[in-house]
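The values are calculated or read from the model by the stated rules, or taken from the named source; none is laboratory data. The shown structure was predicted, so the numbers you read here are calculated from the model rather than taken from an experiment. No Cβ is skipped: glycine too gets one built from the backbone with ideal geometry, and neighbour counts run over all protein chains shown.
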Amino acid sequence: MRTRMRLLLLPAFAMVLLMSVCGADVLAAPQRAVTAANDWAEDFRRCLIRKPFDGGTVTISTTNGSLEIDVLWTDDTGLDAFKAAEIRAEIDRKQIEMRPRKSDLGEAVYAYELGSFATVAPLLSNGQWLALSLADHPERNLRLAIGNGRKAMGFLKKCHDYWEKWRQRHP
């Protein structure tokens, strides 16, 4: 009797297990997609976060206490292809003065500086929308849902602090 019950229960148990696993995957798949869309991809080695949008990628990084932004569209056009005077950045309709970042040699580099971490991070942490407007190129205007900005800014702070301590210990 026991052996027969085991033989009957084994396929039934396997079927229930497969249904629950498959059912959970089917139900959880849209939730994972929403979570992934709200999260920023984190890069600890470079202290940056990335978020894709239709037509490209937005990258925000921290360097020497300031936040920098770079946008790369799918046609390999970067934010550095535009003049600083024609770019306007806003977080929830609060305008941010962007400046082209200068290298140590005084040359402009690929990224634009959003401002100091202390002033811009709270806006990104609590904001819902990041908007970039290009005066002469309206087809490049961007409105990006910030998503989990608090987590992203926390990551950038921890990353920056870690590498600063590392540099102090390894001169």
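I'm checking my understanding of the structure. Among residues of region 59-92 that are part of a helix (DSSP H, G or I) and of a type in the set (Asp, Glu), which one is surrounded by the most Cβ atoms within 10 Å (Cβ to Cβ)? Top of the filtered list is ASP80.
GLN95 meets each of the listed conditions (1) touching a strand residue (DSSP E or B) at 6+ places or on another chain (Cβ under 6 Å); (2) farther than 21 Å from ASP43 by Cβ; (3) in a strand (DSSP E or B) apart from (1). Meeting the requirement of 2 or more residues that are surrounded by 13 or more Cβ atoms within 10 Å (Cβ to Cβ) and modelled with pLDDT under 90, the strands (runs of 3 or more DSSP E) wholly within region 101-171 are 108-116. Scanning region 37-57 for residues that are part of a loop (DSSP other than H, G, I, E, B) and on the phi > 0 side of the Ramachandran plot gives CYS47, GLY55.
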